[in-house]
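Written below as structure tokens is the structure these notes are about.
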Amino acid sequence: MQIFVGTDRVEQCRQTLIPLVEQLGGRLDGDATFSTLANLVFTILVTAGFPAIERAMAKAQAIAPGCEVFYGNVYDSKDGVTPLNWWL
């Protein structure tokens with residue numbers, strides 16, 4: 001998962017999401033901060049289930065309305081919406 005959030009809310013997102021992601025068996029892989037935008041990158045095992053992952057990511061959106069949350073390695077890069085279905 002990648003989360004793009006304003007720098008004014010990144011620390012609050014980090015502190016909230018790390019424990020939630022760890023409960024799902026995941027981890028924070030890295031982050032970067034730019035002038036007004038930050039990026040948090042998490043790895044979460046698919047065995048956690050998409051509903052649980054989406055609930056955790058909804059917390060980021062509650063903390064920072066308008067933040068962008070992206071799945072990596074889930075949708076076809078050609079159109080961005082077709083599931084790859086590798087988890088089936």
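Would you check if there is a residue in the stretch 18-32 being among the β-branched types (Val, Ile, Thr) and either modelled with pLDDT under 90 or exposed (fewer than 15 other Cβ atoms within 10 Å of the Cβ) (or both)? Looking through the stretch 18-32, none of the residues is among the β-branched types (Val, Ile, Thr) and either modelled with pLDDT under 90 or exposed (fewer than 15 other Cβ atoms within 10 Å of the Cβ) (or both). Taken over the stretch 58-74, the criterion of being surrounded by 12 or more Cβ atoms within 10 Å (Cβ to Cβ), closer than 15 Å to Gln15 by Cβ and among the aliphatic types (A, V, I, L, M) is satisfied by Ala60, Ile63, Ala64. Can you find a residue that is on the phi > 0 side of the Ramachandran plot, assigned to a loop (DSSP other than H, G, I, E, B) and exposed (fewer than 15 other Cβ atoms within 10 Å of the Cβ) anywhere in the stretch 3-17? Within the stretch 3-17, not a single residue is on the phi > 0 side of the Ramachandran plot, assigned to a loop (DSSP other than H, G, I, E, B) and exposed (fewer than 15 other Cβ atoms within 10 Å of the Cβ).
Here's a check for you: in the stretch 47-88, which residue that is touching a strand residue (DSSP E or B) at 6+ places or on another chain (Cβ under 7 Å) and of a type in the set (Ser, Thr, Tyr) is modelled with the highest pLDDT? Only one residue fits best here, namely Thr82. Within the stretch 68-83, the set of residues being assigned to a loop (DSSP other than H, G, I, E, B) and over 10 Å from the mean Cα position of the chain (by Cα) comprises Asn73, Val74, Asp76, Ser77, Lys78, Asp79, Gly80, Val81, Thr82. Within the stretch 6-37, the residues that satisfy the criterion of being in contact with a Lys or Arg (Cβ under 9 Å, 6 or more places away or on another chain) and aliphatic (A, V, I, L, M) are Leu17, Ile18, Leu20, Val21, Leu28. Within the stretch 35-44, work out how many residues are exposed (fewer than 14 other Cβ atoms within 10 Å of the Cβ) and either modelled with pLDDT of 90 or more or closer than 13 Å to Gln2 by Cα (or both). Residues meeting the conditions: 1.
The values are calculated or read from the model by the stated rules, or taken from the named source; none is laboratory data. The shown structure was predicted, so the numbers you read here are calculated from the model rather than taken from an experiment. Because the Cβ atoms are built from the backbone with ideal geometry, glycine has one as well, and the counts that use them run over all protein chains shown.
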